[in-house]
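The values are calculated or read from the model by the stated rules, or taken from the named source; none is laboratory data. Source: prediction; values computed, not measured. Note that each Cβ is placed from the backbone with ideal geometry, even for glycine, and that neighbours are counted across all protein chains shown.
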Amino acid sequence: MSASAEVFRLIDDGQEVSLAAEVRDGRVLIDPDSLKSGLGWELKPEGLCKDAACVPVRDREALVPSAEDAGVDLAAFASALGRPLALDPAARVAALGVAAGERAAQLWTLEAPDFELPDLDGQLHRLSQHRGKKVLLVAYASW
């Protein structure tokens, strides 16, 4: 990476991660060391690897557009993993979504993910506190 790499905020699985990245021509290039330390992924000859699992990369040039600085393109990274990406390069922030296969597996269990919300009195309640019971959730949005 070049000396112009700055902090880029990425939300991955609900956790905010700060990565060293450079924004160039509308593309976000993540420092490979930062990709490993922040997200646990590493670019190897066999593909993108996290621990012992590797995902083959068909278009390596899209993933690493310049051999000189070896920055990993964030959009190509998300695409290679099959994960949706919401990206604002100007604000230096992005959100990496869950892969469709993972969402489908969660839906298949018919079990809602756990979350915590306050009631009208401000007392917090977790969905997991009510497992095995019938629960009515009412959602409202002003838009």
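Summary of computed values
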quantity	calculated
Some residue of region 59-71 being over 12 Å from the mean Cα position of the chain (by Cα), exposed (fewer than 13 other Cβ atoms within 10 Å of the Cβ) and farther than 20 Å from GLU22 by Cα	yes
Qualifying residue in region 45-64 (condition: assigned to a strand (DSSP E or B), in contact with a Cys (Cβ under 7 Å, 6 or more places away or on another chain) and modelled with pLDDT under 90)	yes
Any pair with Cβ under 8 angstrom, 6 or more apart, that starts in region 36-55 at a residue that is more than 14 Å from ALA78 (Cβ to Cβ) and ends at one that is at pLDDT 90 or above and basic (Lys, Arg)	GLY40/LYS50; GLU42/LYS36; GLU42/LYS50
Search result, residues across region 66-101 that are within 13 Å of PRO32 (Cα to Cα) and not small (Gly, Ala, Ser)	GLU68, ASP69, VAL72, ASP73, LEU74, PHE77
Filtered residue count, region 65-89, keeping only those that are small (Gly, Ala, Ser) and in contact (Cβ under 8 Å) with a residue 40 or more places away in the chain	3
Among (1) assigned to a loop (DSSP other than H, G, I, E, B); (2) over 30 Å from GLN129 (Cα atoms); (3) not small (Gly, Ala, Ser) - the single one GLU111 does not satisfy	(2)
Top-ranked residue in region 87-103 [being within 17 Å of the chain's Cα centre (by Cα) and of a type in the set (Gly, Ala, Ser); ranked as surrounded by the most Cβ atoms within 10 Å (Cβ to Cβ)]	ALA94
